[in-house]
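Encoded as structure tokens, the structure appears first; notes follow it.
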Amino acid sequence: MTGVELILLLPLIVLSGAAVAVMLAIAVRRNYLAAFLLTLLGFVLTIMAVALSPGGPQRNVTALFVFDDFARFFIGLITGAGLFVAVLAFDYFRQQRGQFEEFFIMLLGATFGCAVLVASRHFASLFLGLEILSVSLYAMIAYSRDREISTEAGLKYLILAGVSAAFLVFGMALVYAQTGALEFSRMPYITASPDEPLDIIVLAGFGMIIVGIGFKLALVPFHLWTPDVYQGAPAPVTAFIATASKGAVFALLLRLFAQTDVAFYPPLYVTFVILAIASMLFGSWLALLQNNMKRILAYSSIAHLGFLLVAFMGRGHIQSTAAAFYLTAYFVTTLGAFGIVSLLSPGERDAEWIEDYRGLFWRRPFVAVVFSVMIFSLAGIPLTGGFVGKVLVILAGEQAAQWALVVVLVTASAISLFYYVRVVGIMYMPAEAGGADRPALPGLSLQGGGALACLTGLLVLLGVYPGPFLDLVRDMVTTVYAGVLPR
Amino acid sequence: MPATVEIAVFWPFFVYFGCVIVLVAGMVGVSYVLGSRHWERATGAPFESGIVTTGSARVGVPANFYLVAMLFVIFDLESVFLFAWAAVVRQVGWTGYVGACVFIVMMAAALVYLWRVGALEGR
Amino acid sequence: MLMELWVVPALPLAGFCVLALVGKRLSRWLVAGIGAGSVGLAMVGAIYFSHDFMAFEPTGHLYRESLWTWLNVGGFSPDIGLYLDPLSVVMMLVVTIVGFLIHVYSIQYMAGDEAYSRFFAYMNLFVSSMLILVLADDLLILYLGWEGVGLCSYLLIGFWYQSAANARAAIKAFVVTRVGDTAMAIGLFLLFTQLGTLDIQEVLVRAVRQWPVGSATAIAAAGLLLAGAVGKSAQLPLQVWLPDAMAGPTPVSALIHAATMVTAGVYLIARMHDLFIIAPPVQTAVAVIGAATLVLAGCSAMTQFDIKRVLAYSTISQVGYMFLALGVHAWSAALFHFMTHAFFKSLLFMGAGAVIISMHHEQNMFKMGGLRKQLPFTFWTFLIGACSLASLPLVTSGFYSKGLILWSVWATGHPVLWGAALLGEFITSVYTFRMVFLTFFGEPKGEVSARPGPIILGPLVILAFFSTVAGCVHIPRPLGHFRLFARLVEQALPVPPMQPLPIATEVVFQLLMQGSVLLGVAFAYVLFLRRNDLVAAWTARPAGNALHRFWFSGWGFDWVYTTLLAKPYVWFAHASRDDAFEWIYRGIGAINRGLHEQLSRTQTGLVRWYAVGIVIGAVLLLGLVVFL
């Protein structure tokens, strides 16, 4: 292992080191604030390490990892999400009774798993990253131990993630059995020409890998766990599952199918089209009359992953750029939305019912405006990042001549407007007279309000002035195609 | 190869499969026909060397017991990785040595943590 | 030098954001400071940039500031940029200066109002939208400002929304201008599809290059834009909203009439002048609409009781003059009149506001009278504004600007329109001095409760000063021939095609105009101060009464629109409440609802079912993959 490789690995080293450091700090002296600050330091150092590491294409480190610009971008994005979740969790758990220092170890661990995922170029590191992420998530989801629903959610996620991981490993085994390769780059073209049908075992193997990945991304029909787990998990954890966990797996999918063209063999391609259509429509329909904020956001995230798959359906830079941009806007928006749910939660329960938000504008104008911006972005209303993302995705779908997908995307967006606008409408309604029986929502802390303001600013910036960021993403996605020989 | 050829090649397997079915069916069937049937008070009770059982088998064991057992298994399994290193210690050289050290330090840190939070104390 | 032009519209916008977000928690003085201060700073910026612009004379007499590209996809890359040329310099200066004075005036005028910060937030947004409109480099941004102005007028006309009448007036203003806005949006679509760009300068260049003079496309495009301008500027036939817009607070009326809303149409036509030049029928229509509007609105103004309604009709009439000037290619004359009008009309509105608050919010002129003694300060400033509106000779700015319009109309060879304009001069001075005589002369009829304070009177003095001297920037040939304003504006707009007539002719026509003005003043003096019984006798007769009512109701436009459009529409909407289309939409709703309910049943909460779901999905997926 050379010095350059160590520097490239630095983000992962810093993240894991931070986790160990927090653990030892707790061993020395149990202090909530200290654990939080150490975690923040870890995240900030990781982002610095990402920023300072040499960029470019094809920065391989051993057979397992690659730290090209693509990986750097997503590690940065995910670490940013982790940082924000840490801020949320600090405020969230502070109101509850119990020991919550270890949560930050889990958070660092989960972020580490995500980082491993996006930097992996090998089935082994893929699986390792996925399991590090999952194991941390089990504990994080069930962290509010005295709440039954939280424990239940953790148990559900444990069992179902186990089932899906079994599919994933089985798929990898089948692919390995047939191609003898575990590195992505060594299996780019399994057949001599794209017209020749793929070997049935390889196809079945990739099909099973899609099942495993589809579970993590909550694509229909592997989505059933989503609302229950989102609802049961503490709100900051939900924010993490919805963003970092999904984003890392999607980035991995992008890399896997940028390096191999297996997704474009007709059977798998059709599979993806069906998954995308089903996710967009079912997600929107399921959210339609939902009264639980966390469940609405869960269903809406199902639909959003469907939208993302539309961008995924073409093998080109436009598509990858659209996907990466959309994913970023989705990160910012979802973090903001769950952030508000988390920051507004009183100690004894989560502010998850839509009734909690009635007349929010009249009580908390700032929070209501921020929430409105987030929801408008989710709905894809202009001047927000979500709008630009949606435009790019539609353009990408149009470039790939996927008209059916584009039509479904537009239909699903129209359906989704119903439940988005409903939430906004409720926030601006006059506060009900007999609302005194509900517990008062806690005030925003300085760091919470500041983080929300940052996210809102970022979102509007992405919607109004996306140019420079778009250029960055465009350059970044080219590196993921590096080293793939043109057919 | 054509399907007919496959069957021709694999015929011993089919014979073996048939024999197993016949043998198992014979054992169960013969003991069913020959065996005596009785239904008395102690027929359903567990057989413990002729001693009558006292109390339920579902005894509560302190949770700490499981905790220590689990911690043992975890550390045991983790240290198993060192065997893999031991097998190739010369080939992997100093890089492997540093890697193993990091691994051991992490395990030690975890142990320190467990010791400090009191997970090892039998209460 | 001309860097950072964007701060001019950004400052009031920032003021709006601050006031909208935290205005309620701020003290009144802070709100006033932010509200008026942001516009004041914008004014300072506008003066600074204008000075730079004139001092350095950038190449081509224009300055572009490209801010950013919104997004760049599929060949559609709208540039967000600002554009400064003499036309926008004049607009920007007038909007910020008059806007600032109105804001200062409002500090005291609105002092007793509960929604103090809301008022200033809307006002700031209004000024900001108007600045965006006049500085826009691109029709898309111009349209943004255009709609922003429309939104703010709606919010401010209905500012006291507790009263149903105010809310109705706001809705009326919004709906009527929307008719024009829709036409304008279609016009923009037409321009974009035909010319492939929305950049204003590029549109003009390509239009002139691609379309021959009088081609159908050019006429259609110009006509649609004209419809938009007519709606915003309250010209025939969409003028009906402006008199009702008096429902808002008086400073709002001043802002709408003087600096922002109604002049947007004038600006649009001046900005798109090349397009109008290649569409001669539309150009003629502009002139005819202007002439017809100025006479019609003038007649209505003569019959009103409410002092603000008189001013409202007079605005319609004065903007008619501007349209007339635009229609005869006298671009600089239109802009000149826009500038002087902004000064004296805001002066008149704010003077009227001072009178109204002194009289317990009484707006009926027949219940006023004799205020000359009680409110001397207000009287003198109001009189200066009124003289300027009636364009009394030599000492008023209105004399110079309207004189230029009339002379341009004659010199470009439109005798009929000139006649209408001359008649308008007479009518203008009649209704103006009717208003002055009824309000300030004669017997006192009501008591003065409160005297306006210094913050109200300060802006009046400044505006009175401007109303007097602003005419000096352009002095006609017989009086000295000083063409500072026209020279500036003609850097951006073409010179009107005037026939070279001798100076003597011009002198004769100036005298004719002055004659009609003075005749009007005398007429008003006789009818409304000396012989009140004459008017009463006329209106007592059936014919006179009918004419009075006809003019009073604004030539019956409201009645026509209600009968021909609103009522049948309401009837149709009622009749088609349960038609087939409704069933389609309900059906779509029901289908989605049903699907939601069916799908919700899959969320059982049982983990074994969820696992089975994954397995079923996997089986289906593998079946698909393997057998396809």
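The values are calculated or read from the model by the stated rules, or taken from the named source; none is laboratory data. On a predicted model such as this, the values are computed, not experimentally measured, just so you know. Quick reminder, even Gly has a Cβ in these numbers, built from the backbone with ideal geometry, and neighbours come from all protein chains shown.
Suppose we filter the range A:259-280 for residues that are aliphatic (A, V, I, L, M) and surrounded by fewer than 20 Cβ atoms within 10 Å (Cβ to Cβ); how many remain?
5
Taking the options A:Thr226, A:Thr243, name whichever one is of a type in the set (S, T, N, Q), in contact (Cβ under 8 Å) with a residue 40 or more places away in the chain, within 13 Å of chain C (Cβ to nearest Cβ) and within 20 Å of A:Thr333 (Cβ to Cβ).
Working: A:Thr243 fails: within 13 Å of chain C (Cβ to nearest Cβ).
Of A:Thr226, A:Thr243, the one residue that is of a type in the set (S, T, N, Q), in contact (Cβ under 8 Å) with a residue 40 or more places away in the chain, within 13 Å of chain C (Cβ to nearest Cβ) and within 20 Å of A:Thr333 (Cβ to Cβ) is A:Thr226.
Can you list the helices (runs of 4 or more DSSP H) lying wholly within the range A:54-165 that have 1 or more residues being among the small types (Gly, Ala, Ser) and over 19 Å from the mean Cα position of the chain (by Cα)?
Correct list: A:123-141.
Scan the range C:524-535 and give yes if some residue there is surrounded by 11 or more Cβ atoms within 10 Å (Cβ to Cβ), among the β-branched types (Val, Ile, Thr) and within 14 Å of chain A (Cβ to nearest Cβ), otherwise no.
Within the range C:524-535, none of the residues are surrounded by 11 or more Cβ atoms within 10 Å (Cβ to Cβ), among the β-branched types (Val, Ile, Thr) and within 14 Å of chain A (Cβ to nearest Cβ).
Can A:Gly212 be described as within 12 Å of chain C (Cβ to nearest Cβ) and surrounded by 24 or more Cβ atoms within 10 Å (Cβ to Cβ)?
yes
In the range C:341-386, how many are within 26 Å of the chain's Cα centre (by Cα) and either under 19 Å from C:His103 (Cα atoms) or touching a residue at least 24 places away in the same chain (Cβ under 8 Å) (or both)?
Residues in the range C:341-386 being within 26 Å of the chain's Cα centre (by Cα) and either under 19 Å from C:His103 (Cα atoms) or touching a residue at least 24 places away in the same chain (Cβ under 8 Å) (or both): 28 in total.
Quick one: is C:His548 in a helix (DSSP H, G or I), surrounded by 11 or more Cβ atoms within 10 Å (Cβ to Cβ), within 14 Å of chain A (Cβ to nearest Cβ) and under 52 Å from the mean Cα position of the chain (by Cα)?
no
Within the range B:92-107, identify whether any single residue is of a type outside the set (A, V, I, L, M, F, W, C) and outside any helix (DSSP H, G or I), and answer yes or no.
The first filter runs over the range B:92-107 and keeps only residues of a type outside the set (A, V, I, L, M, F, W, C), leaving B:93, B:95-97, B:99.
Checking which are outside any helix (DSSP H, G or I) leaves us with none.
No, there is no match, as no residue in the range B:92-107 is of a type outside the set (A, V, I, L, M, F, W, C) and outside any helix (DSSP H, G or I).
Given the condition among the polar types (S, T, N, Q) and free of Cβ contacts under 8 Å to residues at least 40 places away in the same chain, answer yes or no: does some residue in the range C:141-154 qualify?
Scanning the range C:141-154, I find no residue that is among the polar types (S, T, N, Q) and free of Cβ contacts under 8 Å to residues at least 40 places away in the same chain, so the answer is no.
Take B:Val89 and decide whether it is under 22 Å from A:Glu5 (Cβ atoms), more than 14 Å from every other protein chain (Cβ to nearest Cβ) and aliphatic (A, V, I, L, M).
When the stated conditions are applied, B:Val89 passes them.
Pick out the one residue from C:Ser516, C:Ser576, C:Ser600 that is farther than 20 Å from C:Gln304 by Cβ and either touching a residue at least 60 places away in the same chain (Cβ under 8 Å) or acidic (Asp, Glu) (or both).
None of the others qualify; the one that does is C:Ser516.
Residue under question is C:Gly385, and the condition is that it be surrounded by 23 or more Cβ atoms within 10 Å (Cβ to Cβ) and within 27 Å of C:Leu501 (Cα to Cα); does it hold? Reasoning before the result, please.
Numbers: surrounded by 23 or more Cβ atoms within 10 Å (Cβ to Cβ): yes; within 27 Å of C:Leu501 (Cα to Cα): no.
The answer is no for C:Gly385.
Consider the range C:600-615. How many of its residues are at the interface with chain A (Cβ under 7 Å from one of its Cβ atoms), within 30 Å of A:Phe170 (Cα to Cα) and in a helix (DSSP H, G or I)?
Count: 5.
Given the criterion within 11 Å of chain C (Cβ to nearest Cβ) and within 21 Å of A:Thr243 (Cβ to Cβ), identify the matching residue among A:Tyr157, A:Tyr143, A:Tyr138.
Only one candidate qualifies: A:Tyr157.
Given the conditions (1) in contact with a strand residue (DSSP E or B) (Cβ under 8 Å, 6 or more places away or on another chain); (2) surrounded by 21 or more Cβ atoms within 10 Å (Cβ to Cβ), which single one is not true for C:Ser129?
Condition (1) is where C:Ser129 drops out.
Check the range C:284-304 and report whether any residue there is in contact (Cβ under 8 Å) with a residue 60 or more places away in the chain, under 22 Å from C:Phe100 (Cβ atoms) and not β-branched (Val, Ile, Thr).
No; the residues of the range C:284-304 include none that is in contact (Cβ under 8 Å) with a residue 60 or more places away in the chain, under 22 Å from C:Phe100 (Cβ atoms) and not β-branched (Val, Ile, Thr).
Rundown of residues vs (1) free of Cβ contacts under 8 Å to residues at least 12 places away in the same chain; (2) out of contact with any helix residue (DSSP H, G or I) (no Cβ under 9 Å at 6 or more places or on another chain); (3) surrounded by 10 or more Cβ atoms within 10 Å (Cβ to Cβ), yes/no style:
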position: B:Gly26; (1), (2), (3): yes, yes, yes
position: B:Val33; (1), (2), (3): yes, yes, no
position: B:Val52; (1), (2), (3): yes, yes, no
position: B:Gly55; (1), (2), (3): yes, yes, no
position: B:Ala63; (1), (2), (3): yes, yes, no
position: B:Val88; (1), (2), (3): yes, no, yes
position: B:Thr95; (1), (2), (3): yes, yes, no
position: B:Val102; (1), (2), (3): yes, yes, yes
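Might you check whether a residue that is within 12 Å of chain A (Cβ to nearest Cβ) and either more than 28 Å from C:Tyr313 (Cβ to Cβ) or touching a Ser or Thr at 6+ places or on another chain (Cβ under 9 Å) (or both) occurs anywhere in the range C:565-585? Even if it seems obvious, please write down each step before you answer.
From the range C:565-585, those within 12 Å of chain A (Cβ to nearest Cβ) are none; that's our starting set.
No, every residue in the range C:565-585 fails to be within 12 Å of chain A (Cβ to nearest Cβ) and either more than 28 Å from C:Tyr313 (Cβ to Cβ) or touching a Ser or Thr at 6+ places or on another chain (Cβ under 9 Å) (or both).
For the range C:324-351, how many residues meet the condition of being more than 13 Å from C:Val90 (Cα to Cα), hydrophobic (A, V, I, L, M, F, W, C), part of a helix (DSSP H, G or I) and out of contact with any Phe, Trp or Tyr (no Cβ under 7 Å at 6 or more places or on another chain)?
Number of matching residues: 6.
From the list A:Leu219, A:Leu254, exactly one residue is hydrophobic (A, V, I, L, M, F, W, C), farther than 15 Å from A:Ser134 by Cβ and within 14 Å of another protein chain (Cβ to nearest Cβ). Which is it?
The match here is A:Leu219.
Given the condition within 14 Å of another protein chain (Cβ to nearest Cβ), crowded, with 23+ Cβ neighbours inside 10 Å and of a type outside the set (D, E, K, R), answer yes or no: does some residue in the range A:53-63 qualify?
no
Each row is one residue, and each column tells you yes or no for (1) within 12 Å of chain C (Cβ to nearest Cβ); (2) in a helix (DSSP H, G or I); (3) under 29 Å from C:Arg593 (Cα atoms); (4) at pLDDT 90 or above.
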site: A:Gly397; (1), (2), (3), (4): no, yes, yes, no
site: A:Ala404; (1), (2), (3), (4): no, yes, yes, no
site: A:Leu409; (1), (2), (3), (4): no, yes, yes, yes
site: A:Ala431; (1), (2), (3), (4): no, no, yes, no
site: A:Pro439; (1), (2), (3), (4): no, no, no, no
site: A:Leu452; (1), (2), (3), (4): no, yes, no, yes
site: A:Leu472; (1), (2), (3), (4): no, yes, no, no
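Which one of the conditions (1) farther than 27 Å from A:Val22 by Cβ; (2) at pLDDT below 90; (3) in a helix (DSSP H, G or I) does B:Ala69 fail to meet, given that it meets all the rest?
Here B:Ala69 clears every test but (1).
Is it the case that the range B:104-113 has a residue that's touching an Asp or Glu at 6+ places or on another chain (Cβ under 8 Å) and either surrounded by 12 or more Cβ atoms within 10 Å (Cβ to Cβ) or among the charged types (D, E, K, R) (or both)?
Yes, the range B:104-113 contains a residue that is touching an Asp or Glu at 6+ places or on another chain (Cβ under 8 Å) and either surrounded by 12 or more Cβ atoms within 10 Å (Cβ to Cβ) or among the charged types (D, E, K, R) (or both).
I need the full set of residues from the range A:265-294 which are closer than 15 Å to A:Gly314 by Cα, of a type outside the set (A, V, I, L, M) and either more than 10 Å from chain C (Cβ to nearest Cβ) or without any contact (Cβ under 8 Å) to a residue 60 or more places away in the chain (or both), in order please.
A:Pro266, A:Tyr269, A:Phe272
Give the range C:617-628 a look and list any residue that's surrounded by 13 or more Cβ atoms within 10 Å (Cβ to Cβ), out of contact with any Ser or Thr (no Cβ under 8 Å at 6 or more places or on another chain) and part of a helix (DSSP H, G or I), or say none.
Scanning the range C:617-628 gives C:Gly617, C:Ala618, C:Leu620, C:Leu622, C:Val626.
Considering (1) farther than 20 Å from C:Phe523 by Cα; (2) touching a Ser or Thr at 6+ places or on another chain (Cβ under 8 Å), say which one C:Leu406 fails and leave the rest.
Only one criterion in (1) farther than 20 Å from C:Phe523 by Cα; (2) touching a Ser or Thr at 6+ places or on another chain (Cβ under 8 Å) is unmet by C:Leu406, namely (2).
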